[in-house]
Amino acid sequence: LAMGAGGGSPQQQKVKKCSKTLTIHILGADGVECSSDELVRKSVGSFVRWMDAALQSGSLGQTQESLERTATPGAPSHSQSTVIDSLLIEFSGPNMPNALIGKVLDLSIPSNSHSSVGLVSAKAIFQRREYHELGDNAADGIDAPSADIAVAFNAGIWGYDSWKPTIAYMCRSTKSSPPKRIDVEDNEDAIENNSGIGRTLFVITAYTVEECEDDEEVVAEVIEKVGAERSLSTKKDTGAIARQLWAPEANPFSSRLERKTASAPPGRKYFENGAWQAWLLGL
């Protein structure tokens, strides 16, 4: 830190610390993931534990960037440190079970409730809605900020037209509002910082690479349509509104248990989350 872009000594450089909640939206969720508290914990509990361990080890959770020096001669340089310390997972879908709507499920690891490293908070909330619809069933007292990551597991986008308005919605979400931050110095506690509205990192999984490629065609079709509508309304080329981060490919983290599927073409094997792709929507 002492020899950052500002070139100052430890006494001359101040680090502004910001706490951040990592927000993940799971789209199209239903009773497969959310029929009970226990099933939700089974679905995401291993990820919560992995994330907590990664934060404690220092391999995840802090980024730092130098800020411009102040205009005052001799004033200290500054850098900004953003530390992930909380996790919010929103499950949403039109088939969300009644029992979980409006519920806040605590996923925190008990031993970390007073820890200064790792996850200090992990929660799940549940909404019955299509993703592009305004959610009116959010849990009381919990605001669901825009997603850092949106995920659709085994979505079958190629087979359901109801995904198209959701993808279009994410493509149109280009306006970004600054996140709420509280700067703190030294060892003072940081205040939660949630993402503003803007780009959506969208990960889609499928049972097979072939179905993943079919999903890709639908996503590309919607992107093209939204881009054409925007150019027509503005009467100018507005540039790219999306970017593919990686094309359909076998998912190295997929289930190893074959999913028996009666309608499977001869020789094709199905696996939960067997293939995946990722997009950045709303540039």
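The values are calculated or read from the model by the stated rules, or taken from the named source; none is laboratory data. Remember, it's a predicted structure, so these values are computed and weren't measured experimentally. Because the Cβ atoms are built from the backbone with ideal geometry, glycine has one as well, and the counts that use them run over all protein chains shown. Protein only, heavy atoms only, side chains kept; ligands, DNA and RNA dropped before computing areas. Shrake-Rupley method; radii C 1.70, N 1.55, O 1.52, S 1.80 Å.
A few remarks follow.
- In this structure, the amide hydrogen of Asp85, modeled 1.01 Å from its nitrogen in the peptide plane, lies closer than 5 angstrom to those of Lys20, Leu22, counting only residues at least 5 positions away or on a different chain.
- For the listed residue pairs Lys164/Lys260; Lys123/Lys260; Lys42/Lys269; Lys123/Lys225, the alpha carbons are over 30 angstrom apart in Lys123/Lys260; Lys123/Lys225.
- 3J(HN,Hα) along segment 29-39, derived from phi through the Karplus expression 6.51 cos²θ - 1.76 cosθ + 1.60 where θ = phi - 60°, amounts to 6, 8, x, 4, 9, 10, 7, 7, 4, 5, 5 Hz, with x in place of Gly and Pro.
- Summed residue charge, Cβ within 15 Å of Phe91's Cβ, Lys/Arg positive, Asp/Glu negative: -2
- Using a probe of 1.4 Å on the protein chains alone, the accessible area found for Trp50 is around 150 Å².
- Taking amide H atoms as placed 1.01 Å from N in the peptide plane, the amide H of Leu107 lies under 5 Å from those of Ala122, Lys123, Ala124, each 5 or more residues away in sequence or on another chain.
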